[in-house]
Structures are given as C-alpha cells and as structure tokens.
Amino acid sequence: MGAAPVDRPHALTALALAHTVCLLAVLALLIQLLRGPRWQRGTWALAIALGVSAAWTVCGIAFALGPSPGRWSALRSLELLRGAAWPVFILALLHEKPESGVGAAARSGVGWVMAIALLVTVLLGGLGTAAEPLARLSLLASLGQAVIGLVCIEQLLRSVPVGQHWGIRPLAVGLGGVFAFDLYLYSDALLLGQVDFVVWSVQAAILACSTPLLSLATARSQKWSRRLAISHGVVFQSTVLLTAAAYLLGVAALGYLVRIFGGVWGPALQIVLFAAALMVLGTLLSLGTFRAKLRVAIRKHFFARRYDYREEWLRFTRLLSVRDGDADTHVRCIRALADLVEGTAGSVWIRRNVGFRQVAQWNTPAVVEVEAAGGSLVSFLARTGWVIDLKQWRREPERYAGLELPYWLASTPTAWLVVPLLAGDRLTGFIVLMAPRVAVDIDWEAIELLKAAGCQVAVLLGQLEANDALSEAEKFAAVNRLSTFMVHDLKNLVAQLSLMAKNAERHGENPEFRRDMLATLQHVVARMGHLVNQARLSVQPIQNPQSANLSAIAHRVCEQRRAQHPGLVCIASQSVFAICHADRMEHVLAHVVQNAIDATSGSGSIRVTVETQGSNAAIEVIDNGIGMAPEFVQQRLFKAFQTTKESGMGIGVYESHQYVTSLGGQMTIDSAPGSGTKVRIVLPAATVGAFDAQAAIGAA
C-alpha cells in the first residue's frame, strides 16, 4: 500500500477524528448486541466483526497521534482482518438456516468459495504489508475483499424471501456502502499506483455512517438482539430537533447564496431572511396541529405499537390528579381522554335519577336533553361496553346492531367517539369526544386504551359522587344535630316560662315578682334570638371567645334558679375571668345547675363555687342529690342521647362537654348513687383587658 502518510498532518487529523467517531458508533452497536437473547451463529459473527473493527479504529487513533512504521503495519493488518470479518458475517447469515435442495447446495458451495477467497486475500495482504515490493498485493487483497463483500450481499438478498427484505435491507444498504467505498478507494489506488490518503483517512467515517443502518437491521432481527426500547417522547423530540436543524441549515445555505448574489443588499436581505425563518419555525413549533400531525406520523412509521403506554398512563394520571383552577374534575376527565386521540373537545354525561345528563363540556356547546336510562344508546353501552366510532356507524350501521343514536348526538356533525364509563358492570356515564385536529385512525389499540382509561375515569367520578353525597349527608347531620340542640334549649326556656306562668296567678300583684318576670322574659328573648343566629351560622359560636367574668355568670344563674330551689348557694366573692362566650357559658352553667335541682329534693343543698386554679379558672357545682352510677358516668354520660331522666333528651351534658372541650378546657363529673354529684368545669384563665383569645386557647 506504500509508505505511511506521516508527512500529511491534515490526513492524520481527519484519520483521528474519523476513527474516534467510528469507535464510539461500533461500541454502541456492540452494547446493543450484548443486550440480546440467546446468541446464534450470525450473532457471534457480527460480534467478531464489531470487535475487529473496534481494534482497527483504536490502532488508527494510535497511529494518527504518533505515526510509526510499526503502527502502520499493525493498522494495515487490522484493516485486512476488518475487510474479511464483514463478509464472513454475511456468510454466517447465509448458512444460519440450512435448507435442503439444489439452491441450498449451490449457496453452500458459493459460501465455501467465498471463505477460501477471503483467506487468500488475508494472506496476500499480509505479504504485501510485510514486504514493500509486494505492496500492490495488499491493495489487490483489499479490492478483492470489497468485491467478495458485494457478492455476499447479493447472495443474501437472493436467499431471503421478498416479504422479509424489510428486515435485511438496512444491513445490505449499510455494508454495501462500506464495500462500495472500499472498491472505489482500492481500484483508484491500483490504477494510479498510489493511495489517495485524504480519501483513505475517512474510511472509518463511512463505517460509522453505516452503523445506524446496522442497528436498525439488528433491532428488526430478534435473533441478533432484543428490540430497542425507545420512548415515543424521545423520538418525537429528536425528530423535531432534527427537522428544525435541517430547516435552519437550509435557511443558512439560502442566506449564504443571498449574501453572495444579493449585491449591496445581500447582508440586509440575509438578516431579514434569518429573522423571518425563525418566526416561521417558532410558529410551526407552537401550533398544536403541527405537533399532533408529527406525533401521528411518528407512531405510524417508527413504532410497531402506536402508544408508549407508560408515558401515556403517567400523563393521563397526572392530568386527572393535578388541580386546575380553571377546570373542574369533569373537564379534566374529558381532556385526559381526548389527549389520548388528539381530541380538542368533548362532554361528559353522568347518571342523574332516571337518566343521564350532561354535567360538563369542554370546547363544545351545552346540551339540555336528558338521555333516558333505558334508551338505545345507554342500553347499547351498558350491554357491550364498546367505544362507538360515530363515523364508522354512519358508514356501516350494521356493525352496531340495535343502536339508534338520539337526535342530539346524530345531529352533531363533529361528534366522533362515545366512550363508556364503566365501574365494574355498571355504566356510570359516558364521554362524547368531538373530531380531532388531525386525522387519527381508531384501531383496536386505540379502542382498548380508551376503554381502560374510561374505567379509570368512571372510578374517579364515582368517588367524586360518593364524596359529594357524604358531604351532603354531613350537612344534613349538622342540621339535625342543631335541631336537637335547639329543641333541648327550647325545652328549658319553655320550662322557665311555664314556671313563671304558674307563679303569676299567685304573685301577679307583687312588684318584685313583676321585676323578676320581666328579667326572665328578657333572658328568654335574648336566648331565643341567639338560637336563631346559631341556626343561620351552624352550631359554631358566632364570635371568637372573649374574656368573660365567671363570677358574674354564676351569680346570674343562681339568682334565676333560686326560686326553684332555695338551698342554692353561690360562692364567688372575687371576679374570676376565663376565655369563653359569656352567653354560651351561662347556658352551660344553667344546664348543670338545673340538673342538680332536678336530682335534689327541696331540702337538699346545691353549692356553686368559682375559683382560680393556677393558669385556669374553675367552676364547681356540688349537690347531695340521688347521684348516678359510675359506669353510666364513665361509659355513657358524655355521649349524645344518653340520660337518666324520664323526660330528658340526653343532649345537655353532651353539648356542654363539646363546648368546654372546644375552648381547651375540661369537664369532669364525679358521682355515686345516693351520694350526690360534683361537676367541675376548668377553662383557660384570662386577664381583664385586651388579649389574644385564640392564642390563649391554643396555649392551653
């Protein structure tokens, strides 16, 4: 082949770059091959060819970095081995499936002839590399390897049925390009008597360019390697990037021509062209229709399956779970299903009483009609669970036997798909999707994905309906609880008014009784007004808790109840302030005192004491009445509707305990049959003046 090109730095630089790129490409292809299943003869031959090629590129890089005769001889020897390894790989493919017959025997004979010829080329090339006078033998050997390689490819294409050419064609094109380049390189060298080292230096780059085709052929052959798991999103983004790069390169070439031939206006026109081209590119990339068409094209031509199910399911789940301030859950469900088939509009229908109503729509008009639960559409969806393709129904109605579309659906020209929402065997609703922005074929894969997604949407909407029903039930329960509390309070107020009416017959002319009666009426009116406000604003207090004088509250309650029980005593000589609502606390204490009166005979004693206990304020009500069983106090007293009175409702203690606990306080009851009862209420203490009641409750 002649002397080494040690005095040609440009050729050495090109050699180093080409061999580096080729080494990376060969290693990537080898890694893909190693991921494959059980290896066969062709797999081993391909691995050997890649290994020899990798060694050849490494030797080329070493020679480019430090040229020497020894490295030149090694590089040339590895080049001969590489030139023989690839035809051997093709021969291995030819004999991977032995067949009987005259054609198989002929191919076997051709294979042996080719193998012997390759061995001869390697030996002749070795002599030419070792002896300078025989250098032309080395060129002739390389030329012979290129010819043998082309013949082997021709035999491979002949031996493979036409229907299977799609799997072998990338390999034939890739290796055919490599052999054709070697044929040109070495035939030119033999004719001119010397090698064009500039052309020779890019020999590795030609092999690097063929590796993507070899990778494609490898991926198509399950015998060589496992199919590559390439994400649809990666392919889409790579395609967009490559398309944009090709577009910008074309614009750059056009701008170069404009600059050269545009005269004095050339530079200005070039800038305008670049700006306009960037605007056009940005517009195209921002158009949803353009991106949708590109995705559909990629799915059709690059993948055996239309969907990357992992990515689609993650996007579907993310869209359903992320809260969007501008869209409720129903609209998100429509969008999630529409995105699977490039849709841009739709509506969701949910069962309501005796029919299905449209509860939400997305980019489509509202429909007020109700679809009957026993109608043809609903019955068909519930019976079959099919996704109805309305375009197909219009073309081939016999495929949907027994289906009659309602007028509101049949008269909508843009209606496209009807997706059932099935939760188990129950049809909870359906989603109508409008025509997409690009033409999308609805095959079995898209239908199965829509059906699975529809089941998930049905479960989500079912949970939403259950949550709404639970919330409504809780509101009714709150209203019922409030009604119970109000009835209890009204019962106490009625008791006061009844007692006042009885005493009015005997003491109506007494001025002091009249004053007491007027105070009682004012108290009843205030209490009833408070109940009305609570009914409006639920059972929670209207205002935040404030500082209240427990001693004053205790004196008022005792004065109001002393007429019922003369033995009622109030011990509250000093003002004690606590964090509470004065009216609510007065109601709680009045209830406790009333219970003590009911449990104590006329000669019994009741003592109400208000005192300070560290950072808390305490009220104690002690009586010597009939008392209660400890088991009742521990297990039932603080529960609703539990009472020992024949006419009681069992609400007073429960309400009082709930209120005191909400303030951060405690309510304890100690009682025994025949020994009376002691009720102790402890609340966070407060000082006179401004303070932060809520903070004090939290601290308590």
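Here are a few things to note about the model shown:
- Criterion applied to G149, G60 was being modelled with pLDDT of 80 or more and closer than 18 Å to G42 by Cα, and the one residue passing it is G149.
- Boolean, T384 is out of contact with any Phe, Trp or Tyr (no Cβ under 6 Å at 6 or more places or on another chain), over 22 Å from V459 (Cβ atoms) and among the β-branched types (V, I, T): no
- Subset of region 414-431 [farther than 18 Å from Q361 by Cα and part of a strand (DSSP E or B)]: L422, A423, R426, L427
- Selection of first residues in region 190-202 that are assigned by TED's automatic domain parsing to the domain that holds L139 and in a loop (DSSP other than H, G, I, E, B) and of second residues that are modelled with pLDDT under 75 and of a type in the set (G, A, S), restricted to Cβ pairs under 8 Å at least 6 apart or on distinct chains, gives the following pairs, ordered by first then second residue: Q194/G2; V195/G2.
- Some residue of region 370-380 being among the small types (G, A, S), closer than 30 Å to L287 by Cα and without any contact (Cβ under 8 Å) to a residue 60 or more places away in the chain: no
- Test for S68: is it surrounded by fewer than 20 Cβ atoms within 10 Å (Cβ to Cβ) and either closer than 23 Å to L119 by Cα or at pLDDT 85 or above (or both): no
- Residues in region 177-189 that are among the small types (G, A, S) and either buried (at least 18 other Cβ atoms within 10 Å of the Cβ) or not assigned by TED's automatic domain parsing to the domain that holds L93 (or both): A189 alone.
- Search result, residues across region 556-586 that are at pLDDT below 90, among the basic types (K, R) and part of a helix (DSSP H, G or I): R561, R584
- Each residue in region 390-413 was checked for being outside any helix (DSSP H, G or I), exposed (fewer than 14 other Cβ atoms within 10 Å of the Cβ) and in contact (Cβ under 8 Å) with a residue 12 or more places away in the chain, and 2 pass.
- In region 272-389, counting only helices (runs of 4 or more DSSP H) that sit wholly within it, the ones holding 1 or more residues that are on the phi < 0 side of the Ramachandran plot, touching an Asp or Glu at 6+ places or on another chain (Cβ under 7 Å) and at pLDDT 85 or above span 329-340, 376-384.
- Per this entry, H530 is not counted among residues that are within 18 Å of V682 (Cβ to Cβ) and at pLDDT below 90.
- Some residue of region 462-485 being among the hydroxyl-bearing types (S, T, Y), surrounded by fewer than 16 Cβ atoms within 10 Å (Cβ to Cβ) and in contact with a helix residue (DSSP H, G or I) (Cβ under 9 Å, 6 or more places away or on another chain): yes
- Test for E396: is it at pLDDT 90 or above and acidic (D, E): no
- Boolean, T428 is surrounded by fewer than 16 Cβ atoms within 10 Å (Cβ to Cβ) and among the hydroxyl-bearing types (S, T, Y): no
- Taken over region 348-369, the criterion of being of a type outside the set (V, I, T), over 23 Å from A469 (Cβ atoms) and touching a residue at least 60 places away in the same chain (Cβ under 8 Å) is satisfied by N363 alone.
- Any chance T43 is under 49 Å from the mean Cα position of the chain (by Cα), part of a helix (DSSP H, G or I), modelled with pLDDT of 85 or more and surrounded by 15 or more Cβ atoms within 10 Å (Cβ to Cβ): no
- Restricting region 386-413 to residues that are in contact with a Ser or Thr (Cβ under 8 Å, 6 or more places away or on another chain) and not acidic (D, E) leaves a set whose member that is nearest to P365 (Cα to Cα) is P406.
The values are calculated or read from the model by the stated rules, or taken from the named source; none is laboratory data. Fair warning: this is a prediction, and the values are worked out from it, not measured in the lab. Every residue, glycine among them, receives a Cβ derived from its backbone with ideal geometry; neighbour counts consider all protein chains shown.
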